[in-house]
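What follows is a short report on a single structure.
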Amino acid sequence: MQIKIPYKLWLAPTCWVLCIGVGLGLAIEHDNRPAVTTNPPAELPTQSISQGPDSSLLVLFVHPHCPCSRASLSEFASIVQAARQPLAVQVVFVKPVGASAGWEKSPLWDVASKIPGVSVICDGDGQLASKFQVTTSGHAVLYDKSRQLIFSGGITASRGHYGSNSASDSLIALVNNESSTKKCSPVFGCLLINQPITPLEAPSP
């Protein structure tokens, strides 16, 4: 005897499975979709960041409240630790117009401050980000001793992804004056400027 199951009984679980599949697909697509980025200047901008007379300069731009930039900072710390050549290192936290005092001092600021040899600075109104033509959190740039750009891009494999990847491996090689075929990479992160300030981050009246 064949038992017929009312369509309403299988319609709900089928829709549920489809919704889960669509949701997972959108999440994966979001994690692997790089930001639209511009090209930093080929030569280190004047009156921007000092690199020292005999060292390369490595800079990471970060939005203080970008959740996926924690992974970028983790990878950045590994790159700095692997450096065997003179290297000036900066982490620049971009603070937008209208943010309250101390808005940039997020947990990510504390993480960056604990990386040995790294200077952490606040970029008020995104002036440095504008000079370097950087628009996305997690964007790293490396300038050699001659002030020439030799690497630009993200240092994670996808949004919020932890662990070694081709971009970070290439950057380590370049920091140590070794050859590398990869000089740029996609960036996964939040916008540095024009990012909405949440109510908790809004300036005091």
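Filtered by the rule that a residue be crowded, with 16+ Cβ neighbours inside 10 Å and modelled with pLDDT under 90, the range 174-183 gives a lone residue, Ser180. Checking each residue in the range 65-83 for being part of a loop (DSSP other than H, G, I, E, B) and either crowded, with 17+ Cβ neighbours inside 10 Å or modelled with pLDDT of 95 or more (or both) picks out His65, Cys66, Cys68, Ala83. Taken as a whole, the condition of being under 17 Å from Ser74 (Cβ atoms), modelled with pLDDT under 90 and among the polar types (S, T, N, Q) applies to Ser164. Residue check: Gly52 meets all listed conditions (1) of a type outside the set (A, V, I, L, M); (2) surrounded by fewer than 20 Cβ atoms within 10 Å (Cβ to Cβ); (3) closer than 16 Å to Ile172 by Cβ but one, namely (3). Of all residues in the range 121-144, those satisfying the criterion of being assigned to a loop (DSSP other than H, G, I, E, B) and among the polar types (S, T, N, Q) are Gln133, Thr135, Ser137. Restrict the check to the range 54-64 and report whether at least one residue is out of contact with any Pro (no Cβ under 7 Å at 6 or more places or on another chain), assigned to a loop (DSSP other than H, G, I, E, B) and more than 25 Å from Ser158 (Cβ to Cβ). No, because not a single residue in the range 54-64 is out of contact with any Pro (no Cβ under 7 Å at 6 or more places or on another chain), assigned to a loop (DSSP other than H, G, I, E, B) and more than 25 Å from Ser158 (Cβ to Cβ). Spot the failing condition for Ala88; the list is (1) more than 12 Å from Leu60 (Cα to Cα); (2) touching a residue at least 12 places away in the same chain (Cβ under 8 Å), and only one is missed. If we test Ala88 against (1) more than 12 Å from Leu60 (Cα to Cα); (2) touching a residue at least 12 places away in the same chain (Cβ under 8 Å), just (1) comes out false. When Pro45 is tested against (1) farther than 17 Å from Leu174 by Cβ; (2) in contact with a strand residue (DSSP E or B) (Cβ under 7 Å, 6 or more places away or on another chain), just one condition goes unmet, and that condition is (2).
Consider the range 151-173 and keep the residues that are touching a residue at least 40 places away in the same chain (Cβ under 8 Å) and not in a loop (DSSP other than H, G, I, E, B). The one that is surrounded by the fewest Cβ atoms within 10 Å (Cβ to Cβ) is Ile172. Restricting attention to the range 112-120, does a residue exist that is in a loop (DSSP other than H, G, I, E, B), in contact with a helix residue (DSSP H, G or I) (Cβ under 6 Å, 6 or more places away or on another chain) and under 18 Å from His65 (Cβ atoms)? No, the conditions are met nowhere in the range 112-120.
The values are calculated or read from the model by the stated rules, or taken from the named source; none is laboratory data. Note that the structure is a prediction, hence the values are computed from the model and not measured. Every residue, glycine as well, gets a Cβ built from its backbone with ideal geometry; the counts of neighbours run over all protein chains shown.
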